[in-house]
Amino acid sequence: MIKKILIANRGEIAIRVMRACREMGIASVAVYSEADKEALFAKYADEAYCIGPPPATASYLNIQKVIEVAKESGADAIHPGYGFLAENPKFARACEEEGIKFIGPSSRVLELMGDKVAARREMIKAGVPVVPGTEECVVEFRQARNVADEIGYPVIIKPSGGGGGIGMTIVPNEGELAKALESTQAIATTTFGLCDVYIEKYLPNPRHIEFQLLGDSKGNAIHLGERECSIQRRHQKLIEESPSVAVTPAMRAKMGKLAAKAARFVGYEGAGTMEFLFSDGRFHFLEVNARVQVEHPVTEMVTGVDIVKEQIRIASGLPLSIKQEEVRMNGSAIECRINAEDPLNDFVPTPGKIKSYHSPGGTGIRVDSGVYTSYTIPPFYDPMISKLIVWGRDRNEAIARMRRALFEYIIVGIKSNIPFHQAVMKNPRFIQGELGTHFIDSETTLIEDMKRMMEREKPLEEKLPHPFEEKKRIAAMAAVAALTQMRGHVQPKQ
Ligand code: MV4
């Protein structure tokens, strides 16, 4: 069994992993950047080591440094969280070579899933339905034209080394194909160091649905149902839920079984997600995310399975703690990503000092965060403040509970996207479950609705005494100092 885990990540996910460690009696080691000295995760850990300055390339992405700290601290495993080094086959291989257990799939599987064209081919072999498109990389215009003619326009060109939407180009007709091929190849080379691109049929407004998978070292693999992540903005997911209103129990059983079979087929060890576009009642495989995902809590809320604990069990060589027949989906869960960004100003990041912080509570609420009152959110990393997750017996109860929790949430000092989430929770199409990846762009009244709501509803924090009136306090101190000097007294401290 693993005794000590180094968490090669920061913020809420570092704390999420350390919470699992604490419950399992495993020691935790944090690594933090100079910008994260005051972050909660660095204090929560049993031990913490500074690994360099921001930005991430000089600290959280420094493979040698992270491994050096793992050895120095005597950690026998590394949990990479999400982002940073999580799906980096070189990092997984370095861990394997140093005899440190990488909590995730093998470097071989990471390499295979990181190459999107290879992953598509593998899924075809496993019998998973994929988006119509190429099975090989597309190099020349002639190839691209033949494929596009075959599958029909519009098509989408994607970098094979990419994922998550970066560098994709939609091609409406043959006239635009040559230019799009060239530019996507250029982006692929500069961003991913690989000029390989592939072509798929473009689906206009699909739902984004993903299956949660767990595979162990004994060859077992199960699924924990799906999450719907259609509500996103510029490839950043904002709201996720489980189950999806679009998936029937029969479809869930069939797709889930196929996804788990594909996981066994590639020898998948650990937690992972199979992403699909869902359109006209059909699933089309997109890519595998070979990590624990930001939105994993909604699955935990409806299944009761602790995904991070399962990751640690799997890495320790233990079998999955549950069988497929024992997995039950109960009720409905929704997650809102609470970001330090200004929805009234094109969602620009708003890092800075949190002067007052109070998170919601009560029945069916979970808050995963890494902040506290008086903490300053640094500008170097992604601006997520927390994840607010609610559970309800059904989707309507979950929506009502989310509105109640958003009302309770107090964040003073920096702007957040809480008002925007409130507007979505009141949106008729959201309530109806009429979702698609273009939901936010097509709901053109969301921002206006939000403004109207902000004028009508007085936030809870304005009804409470102001906890930290800094400007007034400083003014009062200055006045006292001035008076004291005038009277010829010794100036007081400060
Ligand atoms: C697509 C698609 C439509 N058709 N693939 C975006 C995230 C990444 N995981 C896959 N993405 C998409 N892939 C096919 N065949 C639509 C998206 C997509 C998208 C694409 C370009 C610009 C904005 C987008 C927003 C949501 C989804």
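The values are calculated or read from the model by the stated rules, or taken from the named source; none is laboratory data. These figures come from a predicted structure and were not determined experimentally. Backbone-built Cβ (ideal geometry, glycine too); neighbour counts: all protein chains shown.
Okay, residues lined up against (1) hydroxyl-bearing (Ser, Thr, Tyr); (2) within 16 Å of the ligand (Cβ to nearest atom); (3) over 30 Å from residue 202 (Cβ atoms); (4) within 25 Å of the chain's Cα centre (by Cα):
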| residue | (1), (2), (3), (4) |
| --- | --- |
| 399 | no, no, yes, yes |
| 433 | no, no, no, yes |
| 441 | no, yes, no, yes |
| 466 | no, no, yes, no |
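Restricting attention to segment 1-8, does a residue exist that is closer than 19 Å to residue 310 by Cβ and surrounded by fewer than 16 Cβ atoms within 10 Å (Cβ to Cβ)? Checked against the condition, which is being closer than 19 Å to residue 310 by Cβ and surrounded by fewer than 16 Cβ atoms within 10 Å (Cβ to Cβ), segment 1-8 yields at least one hit. Pairs under 6 Å by beta carbon, first residue over 21 Å from residue 412 (Cβ atoms) in segment 379-391, partner assigned to a loop (DSSP other than H, G, I, E, B), six or more apart or different chains? Listed by first residue and then by second, the contacts come to 380/54; 380/55; 390/364; 391/331; 391/364. Look at (1) part of a helix (DSSP H, G or I); (2) at pLDDT 95 or above; (3) not β-branched (Val, Ile, Thr) and you find that residue 186 fails only one, number (2).
For the criterion of being under 30 Å from residue 202 (Cα atoms), within 24 Å of the chain's Cα centre (by Cα) and buried (at least 22 other Cβ atoms within 10 Å of the Cβ), residue 111 fails. Residue count for segment 268-301, restricted to those that are within 16 Å of residue 366 (Cβ to Cβ), within 16 Å of the ligand (Cβ to nearest atom) and among the aliphatic types (A, V, I, L, M): 1. Here residue 58 meets the list (1) under 20 Å from residue 275 (Cα atoms); (2) more than 19 Å from the chain's Cα centre (by Cα); (3) surrounded by fewer than 22 Cβ atoms within 10 Å (Cβ to Cβ) almost entirely, failing just condition (1). Going through (1) part of a strand (DSSP E or B); (2) within 11 Å of the ligand (Cβ to nearest atom) one by one, residue 211 falls short only on (2).
When segment 120-168 is filtered for residues that are within 12 Å of the ligand (Cβ to nearest atom) and assigned to a helix (DSSP H, G or I), the ones remaining, listed by number, are 120, 151.
Check segment 221-228 and report whether any residue there is free of Cβ contacts under 8 Å to residues at least 60 places away in the same chain, within 16 Å of the ligand (Cβ to nearest atom) and in contact with a Phe, Trp or Tyr (Cβ under 6 Å, 6 or more places away or on another chain). There is at least one residue in segment 221-228 that is free of Cβ contacts under 8 Å to residues at least 60 places away in the same chain, within 16 Å of the ligand (Cβ to nearest atom) and in contact with a Phe, Trp or Tyr (Cβ under 6 Å, 6 or more places away or on another chain).
I'd like to verify a number: residues in segment 318-350 that are farther than 30 Å from residue 219 by Cα, of a type in the set (A, V, I, L, M, F, W, C), in contact with a Ser or Thr (Cβ under 8 Å, 6 or more places away or on another chain) and in a loop (DSSP other than H, G, I, E, B), how many? Qualifying residue count, segment 318-350: 1. Taken together, 42, 48 contain a single residue that is in a strand (DSSP E or B), more than 20 Å from the chain's Cα centre (by Cα), surrounded by 17 or more Cβ atoms within 10 Å (Cβ to Cβ) and not charged (D, E, K, R), which is 48. State whether one or more residues within segment 184-192 are within 16 Å of the ligand (Cβ to nearest atom) and surrounded by 20 or more Cβ atoms within 10 Å (Cβ to Cβ). Looking through segment 184-192, at least one residue is within 16 Å of the ligand (Cβ to nearest atom) and surrounded by 20 or more Cβ atoms within 10 Å (Cβ to Cβ). Considered as a group, the residues in segment 232-253 that are at pLDDT 95 or above and assigned to a loop (DSSP other than H, G, I, E, B) include one that is farthest from the ligand (Cβ to nearest atom), and that residue is 248. A single member of 41, 91 is in contact (Cβ under 8 Å) with a residue 12 or more places away in the chain, among the aromatic types (Phe, Trp, Tyr) and farther than 30 Å from residue 352 by Cα, and it is 91.
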